[in-house]
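Down below is the structure, laid out as structure tokens.
The values are calculated or read from the model by the stated rules, or taken from the named source; none is laboratory data. What you see is a predicted model, and the numbers here were worked out from it, not measured in a lab. Cβ: placed from backbone, ideal geometry, glycine included. Neighbour counts: every protein chain shown. SASA here: full protein model, heavy atoms, side chains in, ligands and nucleic acids out. Shrake-Rupley method; radii C 1.70, N 1.55, O 1.52, S 1.80 Å.
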Amino acid sequence: MTVFSVRNFGCRVNRAEAFSWSEKLQDGGFVEIDDWTRSDLILVNTCTLTGRADRDVRRFVRRAGRDNPEARIVVTGCLAERVPETFNDVPQVWMVLPNGAKEELADKILAEFPNPVPAAVPRVRRGRAVLKVQDGCDSRCAYCIIPSVRGPGRSLPLSDVLTSAADLAGRGYREVVLAGIHLASYGCDFDPPSSLVRLAEETARIPGVARVRLSSLDPRALNDDDIRRLADHPRICPHFHLSLQHASDAVLERMNRGRMSSRQAEILDLLRRLLPDAALGADFLVGFPGETDEEFEALYTFASASSLSYFHVFAFSPRTGTPAAAMSGPVSDAVKTERAARLRRLSGEKSRVFRERFGGCVRPGVVVGRRSGGAAVLTDNFIEVEVPSCSAALGDMVDIRVTQ
């Protein structure tokens, strides 16, 4: 019996890629477990978005080699693409694969690893299927290294995505998460062009797919008609996460994202009017070079007054090769830490207020975890609820009443 585990760092696209590897390896007779210290094979999908991401990846790979010296480690992803030599000092690292080899990763393992013996153990199953439909980015934001390690934007053919989604539905997955590095640009590279809206609508029509959830969206690629169509569809989750990054037009211009603050507010207001109960999230980046106290306060004021339910906050980390790495006016680490902490506290409060609105309400959800006789259920609007007594299986669709 050959046992493997997967460790993901970074974005939802990494999770989608790892989901695909796991399904294929289990089809081939491998056994997946969560405990990498007992695994024969450890797959590490890396991130290099920030310096902290780099450190976390390096620390984990070295620890895995030290604590499980008999394992073979396969490293891929954006850090492996950018600096593959960083793993040369870990003898347990068996393969370092660039992003371009990810699609063949599972096939390489099946071909090169000793033939596993299929084991009579339960297949690892997740509550939701995560499907990569787009990769790469053409936006060239000043701070972002991802276009250099992921390449230009490119979409998977619509027919291929729908075939994969139908296969996942046939395996029992009721919620499909569509993921991409620049998901909102899906189909722009086709001739004739297509769109994310069409993809989401077509996926939602597949028999067995109860709902479709979208990963992060760039507001620059959204128009009002798209937003209305997504919001009106009964099988598209009322949960939209937007890559806003900032709310000061001066900072957004330095980021090479354009003067978008007013448009960002319009999009949030439209979504909230169309979907009063939707979860609305955002990414914010603090400490960009030259960010003044006034510019940060503009961001804080915007976030506080907005209809956002939560936000993810990142502190700027210079990435060699990006325009921002050479910009003047660096913000001190202490100031970045303080600004990030303020925004995270605000996010926590907004999240609490949003969730408390649903006490006594019934929401549809999917079982995403099993816990000692109970379950963790993720609602359509992105609230994770603990259900103390629940016999539903992982991945089942359920209705729940929020009591506390």
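Do we find that Asp34 is within 20 Å of the chain's Cα centre (by Cα), charged (D, E, K, R) and not in a helix (DSSP H, G or I) in this structure? Steps first, answer last, please.
On the way: within 20 Å of the chain's Cα centre (by Cα): yes; charged (D, E, K, R): yes; not in a helix (DSSP H, G or I): yes.
When the stated conditions are applied, Asp34 passes them.
Name the residues in the stretch 38-51 that are under 17 Å from the mean Cα position of the chain (by Cα) and more than 22 Å from Trp21 (Cα to Cα), would you? Even if it seems obvious, please write down each step before you answer.
The initial filter retains those residues of the stretch 38-51 that are under 17 Å from the mean Cα position of the chain (by Cα), namely 44-50.
Result: Leu49, Thr50.
Given (1) open to solvent by less than 30 Å² (accessible area, probe 1.4 Å); (2) without any contact (Cβ under 8 Å) to a residue 40 or more places away in the chain; (3) polar (S, T, N, Q), identify the lone condition not met by Thr322.
Evaluating Thr322 over (1) open to solvent by less than 30 Å² (accessible area, probe 1.4 Å); (2) without any contact (Cβ under 8 Å) to a residue 40 or more places away in the chain; (3) polar (S, T, N, Q) leaves (2) as the failure.
What residue, among those in the stretch 146-170 that are charged (D, E, K, R) and crowded, with 16+ Cβ neighbours inside 10 Å, is nearest to the chain's Cα centre (by Cα)?
Our first condition is that a residue be charged (D, E, K, R); within the stretch 146-170, this holds for 150, 154, 160, 167.
If we keep only those that are crowded, with 16+ Cβ neighbours inside 10 Å as well, we get 150, 154.
Values: Arg150: 15, Arg154: 18 Å.
Within the stretch 146-170, the match that is nearest to the chain's Cα centre (by Cα) is Arg150.
Those residues that are in a loop (DSSP other than H, G, I, E, B) and either free of Cβ contacts under 8 Å to residues at least 24 places away in the same chain or of a type in the set (Gly, Ala, Ser) (or both), I need them from the stretch 17-31; list them, please.
Pass one, the stretch 17-31, residues in a loop (DSSP other than H, G, I, E, B): 28-30.
Of everything in the stretch 17-31, those that are in a loop (DSSP other than H, G, I, E, B) and either free of Cβ contacts under 8 Å to residues at least 24 places away in the same chain or of a type in the set (Gly, Ala, Ser) (or both) turn out to be Gly28, Gly29.
I need every pair where a residue in the stretch 188-216 that is more than 20 Å from Phe382 (Cβ to Cβ) has its Cβ under 7 Å from the Cβ of a residue that is in a strand (DSSP E or B) and open to solvent by less than 50 Å² (accessible area, probe 1.4 Å), sequence separation at least 6 or different chains.
From residues that are more than 20 Å from Phe382 (Cβ to Cβ), the pairs are Asp189/Ser155; Phe190/Ser155; Leu199/Val133; Leu199/Leu178.
Would you pick out the residues in the stretch 37-48 that are in contact with a helix residue (DSSP H, G or I) (Cβ under 7 Å, 6 or more places away or on another chain) and assigned to a loop (DSSP other than H, G, I, E, B)?
Cys47, Thr48
Return the residue satisfying two criteria in turn: it lies in the stretch 184-239 and is farther than 27 Å from His312 by Cα and among the aliphatic types (A, V, I, L, M), and of such residues it is farthest from the chain's Cα centre (by Cα).
Ile206
Of the conditions (1) in contact with a strand residue (DSSP E or B) (Cβ under 6 Å, 6 or more places away or on another chain); (2) at pLDDT 95 or above; (3) surrounded by fewer than 23 Cβ atoms within 10 Å (Cβ to Cβ), Val124 satisfies every one except a single condition; which number is it?
Val124 satisfies all of (1) in contact with a strand residue (DSSP E or B) (Cβ under 6 Å, 6 or more places away or on another chain); (2) at pLDDT 95 or above; (3) surrounded by fewer than 23 Cβ atoms within 10 Å (Cβ to Cβ) except (2).
So, in the stretch 363-404, exactly how many residues are more than 22 Å from Leu230 (Cα to Cα), open to solvent by 30 Å² or more (accessible area, probe 1.4 Å), touching a residue at least 40 places away in the same chain (Cβ under 8 Å) and assigned to a strand (DSSP E or B)?
2
Between Leu285, Leu230, Leu299, Leu244, which is outside any loop (DSSP other than H, G, I, E, B), over 25 Å from Gly180 (Cα atoms) and either aromatic (Phe, Trp, Tyr) or out of contact with any Cys (no Cβ under 6 Å at 6 or more places or on another chain) (or both)? Full working, then the answer.
Values: Leu285 fails: over 25 Å from Gly180 (Cα atoms); Leu230 fails: over 25 Å from Gly180 (Cα atoms); Leu244 fails: over 25 Å from Gly180 (Cα atoms).
Step by step, each of Leu285, Leu230, Leu299, Leu244 is checked, and only Leu299 is outside any loop (DSSP other than H, G, I, E, B), over 25 Å from Gly180 (Cα atoms) and either aromatic (Phe, Trp, Tyr) or out of contact with any Cys (no Cβ under 6 Å at 6 or more places or on another chain) (or both).
Please enumerate the residues belonging to the stretch 325-354 that are without any contact (Cβ under 8 Å) to a residue 60 or more places away in the chain, surrounded by 13 or more Cβ atoms within 10 Å (Cβ to Cβ) and closer than 26 Å to Arg140 by Cβ.
Ala325, Pro330, Val331, Lys336, Arg339, Ala340, Leu343
This table checks each residue for (1) touching a Cys at 6+ places or on another chain (Cβ under 8 Å); (2) within 24 Å of Val149 (Cα to Cα); (3) in contact (Cβ under 8 Å) with a residue 24 or more places away in the chain.
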position	(1), (2), (3)
Thr2	no, no, yes
Leu41	no, no, yes
Arg52	no, yes, yes
Ala80	no, yes, yes
Met95	no, yes, no
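Would you please name the residue that is nearest to Gly172 (Cα to Cα), looking only at residues in the stretch 14-37 that are out of contact with any strand residue (DSSP E or B) (no Cβ under 8 Å at 6 or more places or on another chain) and open to solvent by less than 20 Å² (accessible area, probe 1.4 Å)? Give the derivation first.
Keep residues of the stretch 14-37 that are out of contact with any strand residue (DSSP E or B) (no Cβ under 8 Å at 6 or more places or on another chain), which gives 23-24, 27-29, 37.
Subset that is open to solvent by less than 20 Å² (accessible area, probe 1.4 Å): 23, 29.
Working: Glu23: 13, Gly29: 19 Å.
Step by step, filter the stretch 14-37, then rank; the result is Glu23.
Within the group Arg254, Arg319, which residue is of a type outside the set (Gly, Ala, Ser) and modelled with pLDDT under 95? Step through it out loud before you land on a result.
Values: Arg254 fails: modelled with pLDDT under 95.
Of the residues listed, the single one that is of a type outside the set (Gly, Ala, Ser) and modelled with pLDDT under 95 is Arg319.
Suppose we filter the stretch 199-236 for residues that are small (Gly, Ala, Ser) and over 18 Å from Ser164 (Cβ atoms); how many remain? Spell out the reasoning first.
The first filter runs over the stretch 199-236 and keeps only residues small (Gly, Ala, Ser), leaving 200, 204, 208, 210, 215-216, 221, 231.
Then keep just the ones that are over 18 Å from Ser164 (Cβ atoms); that gives 216, 221, 231.
Summing the residues that are small (Gly, Ala, Ser) and over 18 Å from Ser164 (Cβ atoms) in the stretch 199-236 gives 3.
Can you work out which of the residues in the stretch 278-298 that are under 22 Å from the mean Cα position of the chain (by Cα) and open to solvent by 10 Å² or more (accessible area, probe 1.4 Å) is farthest from Arg319 (Cα to Cα)?
If we take residues in the stretch 278-298 being under 22 Å from the mean Cα position of the chain (by Cα) and open to solvent by 10 Å² or more (accessible area, probe 1.4 Å), then Asp283 is farthest from Arg319 (Cα to Cα).
Considering the stretch 38-73 alone, what residues qualify as being aliphatic (A, V, I, L, M), closer than 11 Å to Gln92 by Cα and surrounded by fewer than 24 Cβ atoms within 10 Å (Cβ to Cβ)? Walk me through how you get there before you give the answer.
Here is the first cut: in the stretch 38-73, the ones aliphatic (A, V, I, L, M) are 41-44, 49, 53, 57, 61, 64, 71, 73.
So of that shortlist, the ones also closer than 11 Å to Gln92 by Cα come out as 41-42, 61, 64, 71, 73.
The answer is Leu41, Ala64, Ala71.
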